[in-house]
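K.L.:
What follows is a structure written as structure tokens; I'll ask about it next.
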Amino acid sequence: MSVDNNVNGLQQLLGVGSTAQPQSRPAKNQPAAVTSALAGDQATLSSAGATVSQSSSSSDVRLDKVASIQAALTAGTYNVPASAVAGKLVDALLNGSAK
């Protein structure tokens, strides 16, 4: 698995194009003189992160609902009736889609 594949998948999911060129990495077996010259690590972020941030801030996610479910999960009190899960599974199998 490579980070490039995950970024490309995210860009495809969001429908955005690639704006940053992948950086080449030095080989692991390089001499000490070469690796000491590369000792200062750097990171360059593409616009994919900014795009994700913008899309999440303008989405129709009900933050109050998400917060209440997160709190219930943390407290261990979140319960989903087995009949509701079974009903959704049957509907998804019969309709060919999950909602």
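K.L.:
List pairs: first residue in region 75-91 and free of Cβ contacts under 8 Å to residues at least 60 places away in the same chain, second residue part of a helix (DSSP H, G or I) and small (Gly, Ala, Ser) anywhere in the structure, Cβ distance under 8 angstrom, at least six positions apart or on different chains.
P.N.:
78/72
K.L.:
Among the numbered conditions (1) outside any helix (DSSP H, G or I); (2) at pLDDT 75 or above; (3) open to solvent by less than 80 Å² (accessible area, probe 1.4 Å), tell me where residue 69 comes up short.
P.N.:
Every condition holds for residue 69 apart from (1).
K.L.:
Can you name the number of the only condition in (1) open to solvent by 100 Å² or more (accessible area, probe 1.4 Å); (2) at pLDDT below 70 that residue 17 fails?
P.N.:
(1)
K.L.:
If only one of 31, 26 is touching a Leu at 6+ places or on another chain (Cβ under 8 Å), exposed (fewer than 11 other Cβ atoms within 10 Å of the Cβ) and at pLDDT below 65, which one is it? Steps first, answer last, please.
P.N.:
Working: 31 fails: touching a Leu at 6+ places or on another chain (Cβ under 8 Å).
Sole residue among the options that is touching a Leu at 6+ places or on another chain (Cβ under 8 Å), exposed (fewer than 11 other Cβ atoms within 10 Å of the Cβ) and at pLDDT below 65: 26.
K.L.:
Are there any pairs with C-beta distances below 8 angstrom linking a residue in region 53-73 that is within 28 Å of residue 11 (Cα to Cα) to a residue that is modelled with pLDDT under 80 and hydroxyl-bearing (Ser, Thr, Tyr), with the two at least 6 apart or on different chains, and if so which?
P.N.:
Correct list of pairs: empty, since none qualify.
The values are calculated or read from the model by the stated rules, or taken from the named source; none is laboratory data. What you see is a predicted model, and the numbers here were worked out from it, not measured in a lab. Glycine gets a Cβ as well: all are built from the backbone with ideal geometry, and neighbour counts include every protein chain shown. Just so you know, the surface numbers come from the protein's heavy atoms only, side chains and all, with ligands and any DNA or RNA stripped out. Shrake-Rupley method; radii C 1.70, N 1.55, O 1.52, S 1.80 Å.
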